[in-house]
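Here's the structure, in structure tokens; my notes come after.
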Amino acid sequence: MKIESKVIHAGIEPDPSTGAIMTPIFQTSTYVQSSPGDHKGFEYARTGNPTRKALETNLAALENGKYGVCFSSGMAAMDAILQLLDPGDEVIATNDLYGGSYRLITKVHARYGLNAKFIDMSKPTAVARKISKNTKMVWIETPTNPMLNIVNIAAIAKSAKRKGAIVVVDNTFASPYLQNPLDLGADIVLHSATKYLGGHSDVILGAVVTKKKELAEQLFFTQNAVGAVPGPQDCFLVLRGIKTLHVRVDRACKNAKKVAKYLDRHPKVGRVYYPGFKSHPGHEIAKKQMRDFGGMLSFDLVDDKLDAAHKVMSSTKMFALAESLGGVESLIGHPASMTHGSIPKKERLKVGITDSLIRLSVGIEHVDDLIADLETALTEI
Ligand SMILES: *Cc1c(COP(=O)(O)O)cnc(C)c1O
């Protein structure tokens, strides 16, 4: 089945008791047993819920995996993945990681003995040199947030595997429609389904997909033991959102391409970070490992001042100033003070997150309206 059909059909069966075409929201905490242990596969709703199960099956299919495991947020999903590690283990991660992921590693798991290295992953050979016998996990994000760097998943997975490290890819930015890391050699894929999968800015949810039974068993154990599970209504919203994933992401990609070209020509705009440009250092790899270049881009201003960036962001009307991404509506954000606020200034400047850097999540409105909105805002500075 092609992904355009999987989004609608994979794991989705009409409800056996009514024929309802939409997966019901099983709003229940427990399930009646006819005699102890005699049940229909569900005992208690932290452990399992049919709405959640449908979503987990669907997500596993979208990523060409075998097992989907859903959590109450992307961060809860990441926490469950990091719990595969033991004190003293080392994780190597991209140095322009999502701010919340950086915080979870350095402020939570580091306290329990996890060692972390944050490195530039643009050159796979440099990554290979950093992987030692203590490295138990390599954490990749691509395209990265907010710099839109591209990491070569296949090349890094190959060298990590040789050393026995688990390769995880946070695939939130690309979505399963644009990129399937398991096909490129990754062991685990993470999604903040809050973003493109949900797609309508109305739910927080996280998901993990793998092909490997032993990893899945540990993840299901943590899901049940720790209990950071999503409610059935949230699972329903994500299932519903996924049905239009391909249509929404296609339009977002088209719009982003036009917006990137417009910004690139604007005299007040400094650099535009967009992997669809031939001049982007990761363009060739992106072309190989992604179906299209995504709906995200960042740019900074010739006048690299915080005030100027703030003026632009408070002047746009269609681009709403908000955290998050991947919804139908376009969003504008300021990494230095918003998503990456918890990263020290020195660290963020090293990776290019300047004071005036602005990140756009391009939505699916008419692109002419989006460009007109940016044009008006840029005349304010
Ligand atoms: C939002 C996001 C997360 C965290 O997901 P939540 O659902 O907000 O917990 C992780 N990684 C990336 C790349 C994200 O954009």
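The values are calculated or read from the model by the stated rules, or taken from the named source; none is laboratory data. These numbers come from a predicted model, not from an experiment. Every residue, glycine as well, gets a Cβ built from its backbone with ideal geometry; the counts of neighbours run over all protein chains shown. Please note that ligands, DNA and RNA were not included when accessible areas were found on the heavy atoms of the full protein model with its side chains. Shrake-Rupley method; radii C 1.70, N 1.55, O 1.52, S 1.80 Å.
Taking the criterion of being assigned to a helix (DSSP H, G or I), of a type in the set (Gly, Ala, Ser) and within 16 Å of the ligand (Cβ to nearest atom), would at least one residue in segment 241-254 satisfy it? Step through it out loud before you land on a result.
If we filter segment 241-254 for residues that are assigned to a helix (DSSP H, G or I), which is where we start, we get 241-242, 245-254.
Among the residues that remain, those that are also of a type in the set (Gly, Ala, Ser) are: 241, 252.
Add one more test, that the residue is within 16 Å of the ligand (Cβ to nearest atom), and what stays is 241, 252.
Yes, because at least one residue in segment 241-254 is assigned to a helix (DSSP H, G or I), of a type in the set (Gly, Ala, Ser) and within 16 Å of the ligand (Cβ to nearest atom).
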Exercise for the section: May I ask you to list the residues in segment 1-23 that are within 27 Å of the chain's Cα centre (by Cα) and open to solvent by less than 40 Å² (accessible area, probe 1.4 Å)? Expected result: ILE3, LYS6, VAL7, ALA10, GLY11, ILE12, THR23
Fill in the blank from the handout: By residue number, the members of segment 60-107 that are within 13 Å of the ligand (Cβ to nearest atom), at pLDDT 95 or above and of a type in the set (Phe, Trp, Tyr) are PHE71
Problem - Checking GLN179 against (1) open to solvent by less than 60 Å² (accessible area, probe 1.4 Å); (2) under 20 Å from ALA80 (Cα atoms), the condition it does not meet - result: (2)
Fill in the blank from the handout: With the first residue restricted to segment 1-29 and required to be under 21 Å from GLY65 (Cα atoms), and the second required to be open to solvent by less than 70 Å² (accessible area, probe 1.4 Å) and among the β-branched types (Val, Ile, Thr), Cβ contacts under 6 Å at 6 or more apart or on different chains are VAL7/ILE242; GLY11/THR57
Practice task
State all residues of segment 28-45 that are open to solvent by 60 Å² or more (accessible area, probe 1.4 Å), closer than 17 Å to ALA228 by Cα and assigned to a loop (DSSP other than H, G, I, E, B); if no residue qualifies, say none.
Solution key: SER29
Practice task
Just need a number here: residues in segment 223-274 that are farther than 22 Å from ASN58 by Cα and of a type in the set (A, V, I, L, M, F, W, C).
Solution key: 10
Practice task
May I ask you to verify whether THR57 is more than 16 Å from the ligand (Cβ to nearest atom), open to solvent by 40 Å² or more (accessible area, probe 1.4 Å) and under 30 Å from ARG111 (Cα atoms)?
Solution key: no
Problem - Every pair of residues 6+ apart whose Cβ atoms lie under 6 Å, when the first sits in segment 314-325 and is within 16 Å of the ligand (Cβ to nearest atom) while the second is among the hydrophobic types (A, V, I, L, M, F, W, C) - result: ALA322/LEU331; GLU323/MET338
Handout entry: Among (1) surrounded by fewer than 19 Cβ atoms within 10 Å (Cβ to Cβ); (2) touching a residue at least 24 places away in the same chain (Cβ under 8 Å); (3) among the small types (Gly, Ala, Ser), the one test that ALA225 misses
Key = (2)
Handout entry: Selected residue (only one of PHE118, PHE173 is within 14 Å of the ligand (Cβ to nearest atom) and either open to solvent by 20 Å² or more (accessible area, probe 1.4 Å) or aromatic (Phe, Trp, Tyr) (or both))
Key = PHE173
Exercise for the section: Name the single residue, out of those in segment 130-170 being part of a loop (DSSP other than H, G, I, E, B) and of a type in the set (Val, Ile, Thr), that is surrounded by the most Cβ atoms within 10 Å (Cβ to Cβ). Expected result: THR142
Problem - Identity of the residue in segment 182-209, in contact with an Asp or Glu (Cβ under 6 Å, 6 or more places away or on another chain) and in contact (Cβ under 8 Å) with a residue 40 or more places away in the chain, that ends up farthest from the ligand (Cβ to nearest atom) - result: LEU182
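If only one of ASP250, ASP202 is surrounded by fewer than 24 Cβ atoms within 10 Å (Cβ to Cβ) and assigned by TED's automatic domain parsing to the domain that holds GLY363, which one is it? I'd like the intermediate steps shown before the answer.
On the way: ASP202 fails: assigned by TED's automatic domain parsing to the domain that holds GLY363.
Just a single option satisfies the conditions, and that option is ASP250.
To keep it simple, each residue is scored yes or no on (1) within 16 Å of the ligand (Cβ to nearest atom); (2) of a type in the set (Asp, Glu).
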{"position": "LEU306", "(1), (2)": "no, no"}
{"position": "ASP355", "(1), (2)": "no, yes"}
{"position": "GLY363", "(1), (2)": "yes, no"}
{"position": "HIS366", "(1), (2)": "no, no"}
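For a quick check of your reading: which strands (runs of 3 or more DSSP E) sit entirely within segment 273-381 and have at least 1 residues that are open to solvent by less than 20 Å² (accessible area, probe 1.4 Å) and either modelled with pLDDT under 95 or farther than 17 Å from ASN145 by Cβ (or both)? Steps first, answer last, please.
Details: elements: 296-301, 331-333, 358-361.
Where strands (runs of 3 or more DSSP E) fall fully within segment 273-381 and carry at least 1 residues being open to solvent by less than 20 Å² (accessible area, probe 1.4 Å) and either modelled with pLDDT under 95 or farther than 17 Å from ASN145 by Cβ (or both), they are 296-301.
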